[in-house]
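Undergrad: The structure's right below; bear with me while I get my questions together.
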Amino acid sequence: MTEESAHGDEWSTGPQSSSDRRADGGESCPVLTDGGTDDEGVVRRDRFSGGPARSFLSSLAADERIFGADLAVDRAHTVMLAEQGIIDDDVAGEILTALDAIEVDGHGSLPDGEDVHEAIETAVIERIGADGGKMHTARSRNDEVAACIRYRLREDVLEAIETTLALRESLVDVADEHQETIMPGYTHLQPAQPTTVAHWALAYEGAVRRDTERLCDAYARINQSPLGGAAFAGTTFDIDRERTADLLGFGGVVENSMDASSSRDFLLETVQALSTHATTLSGLAEDVIIFANRGFVELSDDYSSTSSIMPQKKNPDTLELVRAVAGDAAGSVQGLTTTLKGLPRAYNRDLQRATTHAWETVDAVTEASEVAAGAVATADWNEETLAAEAGAGFSTATGVADLLAANGLPFRTAHELVAIAADNGADYDALEAASQEVLGDSLEAYVDPDAVADALDPAESVASRDSQGGPAPEAVDDQLGAAREALATDDDAHAEVTAALETAYETLRSEVNGYV
């Protein structure tokens with residue numbers, strides 16, 4: 001095919017039949033006559049240029065988010081077209097110069113259009129004439145928008161990952177400072193066993209670490225280029241998909257052209273990973289809210305508010321909002337799943353609505369993660385109150401039962417004995433009376449009284465729980481080491497990926513500068 005006819009496999013400068021013209025956000029047909037424009041725009045024919053449905057179809061305002069991504073995709077595609085000899089270098093230079101000017105003018109200066117892709121192309125054509133339409137050679141808006149979404153989303157996901165790293169660092173710092181700060185532990189919100197602030201913090205660090213891993217996994221699948229898939233059936237032009245992928249910093253290409261243009265599973269995976277992280281954040285927020293209510297911890301004023309009428313109040317409002325984000329994220333998972341389920345291959349305009357779920361979720365969860373990290377980092381733990389409450393509700397009962405079992409009693413018998421004592425004073429005398437009732441003998445016949453006294457002490461109880469992953473200081477030391485190592489590894493990986501994207505951006509800019 002000659003350069004003069006090189007307007008893509010579904011684009012043409014000549015007349016098209018009505019069956020070839022679409023208004024679905026995918027394939028569309030420009031009318032280019034002597035580089036001129038008419039009142040209805042240069043990309044759409046009159047039939048698809050007006051009417052009350054235009055605003056319903058348009059995503060131009062919402063597309064401001066991918067304005068920069070679209071310009072990058074346009075530049076990479078144009079450079080590749082020139083390198084492949086599909087368009088002349090001087091035409092490429094004019095297109096790239098026009099794109100630079102459009103970037104300076106900003107999204108707000110774009111002409112009306114169904115979306116940012118059409119508006120940018122119209123703006124290029126308005127600046128340089130009909131040759132501006134050659135920018136769209138060998139592609140469709142289908143693969144173009146898929147590339148733009150992935151390009152922008154990967155940046156957002158990297159930012160979300162960064163907030164998980166900050167939260168993990170905050171939790172590790174709290175754990176390091178409070179390895180021996182005894183606190184009550186709960187099941188069913190009832191006093192259960194004594195533990196430490198460090199053990200609690202590292203429990204959340206482990207959960208957030210897995211959230212980081214899920215987001216990193218999602219990033220790897222986001223970071224694949226669909227560009228070159230065209231409408232869905234590829235193109236007749238001798239394009240180089242690997243080259244555009246490299247110029248845009250993608251890790252590879254989505255091989256199948258139909259899959260490349262139409263799949264949005266990467267959106268669903270990302271929203272699911274973000275929803276999982278939001279659920280972790282909600283649990284963390286709930287714990288801190290309860291701890292604040294009981295006087296165990298005091299939030300910084302920066303993460304609190306007061307009542308408009310009750311001057312004594314200090315409310316954990318920020319963490320209540322963090323808690324609420326989990327519901328929003330879960331709703332986005334459901335909304336996106338429902339939008340995507342049952343969509344036939346290849347492109348369908350439903351996909352325009354799908355992306356909104358991802359943008360809203362990544363913004364909300366990233367902000368919530370950042371707030372949680374700050375709240376944890378600046379909170380003040382009340383060590384005296386925590387220590388005083390650590391033994392509440394006979395929380396050392398399990399330790400006493402374990403001690404009896406370690407000295408030969410069946411655990412179920414020990415469990416029964418301690419349960420009776422719990423109902424009758426929860427002290428040594430109550431245990432002695434229960435021993436007489438259950439065993440028909442003195443407690444001292446089975447276990448050293450000093451050992452029982454240690455088991456009843458919250459600090460000694462914690463110190464005795466030195467199994468892997470337990471709350472004893474030496475066990476926490478091991479967990480801290482693993483947490484720090486994992487955090488350093490993930491920090492390095494995040495920095496490496498961020499640097500790779502910056503290098504790709506600079507490479508693309510350098511290539512563009514060779515034409516303008």
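Undergrad: Suppose the Debye formula is applied to equal point scatterers at every Cα of region 223-340; what is log10 I(q)/I(0) at q = 0.09, 0.17 Å⁻¹?
TA: Once normalised to I(0) and log-transformed, intensities are -0.48, -0.88.
Undergrad: Right, something else. For A500 and S305, what is the calculated FRET efficiency with R₀ set at 41 Å and r taken between the beta-carbons, to the nearest 0.05?
TA: My answer for the efficiency is 0.50.
Undergrad: Given the C-alpha centroids of region 371-409 and region 290-365, what is the distance between them in whole angstrom?
TA: 31 Å
Undergrad: How big is the antiparallel share of DSSP beta bridges in the chain, given as a percent to the nearest 5?
TA: 90 percent
Undergrad: I would also like to ask the following. Net charge around A146, counting only other residues with Cβ within less than 11 Å of its Cβ (Lys, Arg = +1; Asp, Glu = -1)?
TA: Once positives and negatives cancel, what remains is +1.
Undergrad: Let me ask something else about it. Once the convex hull of the alpha carbons of region 152-277 is built, what does its volume come to per residue, in cubic angstrom?
TA: 106 Å³
Undergrad: A follow-up question, please. If each residue's Cβ is checked for other Cβ atoms within 10 Å, how do M310, M258, M135 rank with the fewest at the top?
TA: M310, M258, M135
Undergrad: In region 446-477, which residues have a backbone nitrogen under 12 Å from the label point lying 7 Å from A387's Cα in the Cα-to-Cβ direction?
TA: The answer is 458-460, whose backbone nitrogens lie closer than 12 Å to the label point.
Undergrad: With a 10 Å Cβ neighbour count serving as the proxy for reagent exposure, in which order, fewest first, do T355, T164, T187, T338 appear?
TA: The fewest-first ordering by Cβ neighbours comes to T187, T338, T355, T164.
Undergrad: Then there is this: Ranked by Cβ crowding within 10 angstrom, fewest neighbours first, how are D143, D491 ordered?
TA: So the ranking, lowest neighbour count to highest, is D491, D143.
Undergrad: Using only the alpha-carbon atoms, what does region 72-161 span along each of its principal axes? Please give whole angstrom values in decreasing order.
TA: Result for region 72-161: principal-axis Cα extents of 42, 30, 22 Å.
Undergrad: Taking the simple approach of a point 7 Å from Cα along Cα-to-Cβ for both E155 and Q468, what is their distance in nm?
TA: Reported label-point gap for E155 and Q468 is 4.4 nm.
Undergrad: Rg over Rh of region 402-484, using C-alpha atoms and the Kirkwood radius, what does it come to?
TA: A ratio of 1.10.
Undergrad: Given region 143-389, report the % of alpha carbon pairs whose separation exceeds 33 Å.
TA: 32 percent
Undergrad: What are the principal axis extents of the Cα atoms in region 312-434, in Å, biggest first?
TA: So the three principal-axis extents are 75, 45, 23 Å.
Undergrad: What whole-number distance in Å separates the alpha-carbon centres of region 105-148 and region 211-256?
TA: The two parts, judged by their Cα centres, are 20 Å apart.
Undergrad: Still on this structure: For region 364-516, what does the equivalent ellipsoid look like in terms of its semi-axes, each the square root of 5 times an eigenvalue of the Cα gyration tensor, given largest first in whole Å?
TA: Values for region 364-516, descending: 57, 17, 12 Å.
Undergrad: Something else now. Please report, in whole Å, how far the alpha carbons of the chain spread along each principal axis, starting with the longest.
TA: 106, 49, 39
Undergrad: Let's test the formula: R0 of 25 Å, r as the Cβ-Cβ distance of R353 and R210. What FRET efficiency results, to the nearest 0.05?
TA: Computed FRET efficiency for R353 and R210: 0.25.
Undergrad: Right, another one. Which stretch or stretches of region 462-482 have amide N atoms under 20 Å from the point lying 7 Å from D450's Cα along the Cα→Cβ direction?
TA: It comes to 462-465, nothing else.
Undergrad: By how many degrees, 0 to 90 and rounded to 10, does the Cα axis of helix 265-293 deviate from the longest principal axis of the chain?
TA: The answer is roughly 30 degrees.
Undergrad: If you plug each phi of region 216-228 into the Karplus form 6.51 cos²θ - 1.76 cosθ + 1.60 with θ = phi - 60°, what whole-Hz ³J(HN,Hα) values come out, in order, with x for Gly and Pro?
TA: 5, 4, 5, 4, 4, 7, 5, 7, 10, 7, x, 4, x
Undergrad: Continuing with the same structure: Please determine, in degrees from 0 to 90 and to the nearest 10, the orientation of helix 351-378 with respect to the longest principal axis defined by the Cα atoms of the chain, where the helix direction is its Cα long axis.
TA: 40 degrees
Undergrad: Additional query: With all distinct Cα pairs included, what does the Kirkwood hydrodynamic radius of region 110-201 come out to in Å, to one decimal, could you say?
TA: 18.2 Å
Undergrad: Treat each spin label as a single point 7 Å out from the Cα along the C-beta direction, and report the A130 to D88 distance in nm.
TA: If labels sit at A130 and D88, their model points lie 1.3 nm apart.
Undergrad: Here's another thing I want to ask about it. Please give, to one decimal in nm, the separation of the simple spin-label points placed at A377 and Q190, each 7 Å out from Cα toward the Cβ.
TA: Distance between the two pseudo-spin positions: 3.9 nm.
FYI, it's all coordinate maths here, none of it is from the lab. Quick caveat: nothing in here was measured; it's all calculated off a predicted structure. Ideal geometry is used to build each Cβ from the backbone, glycine not excepted, and the neighbour counts take in all protein chains shown.
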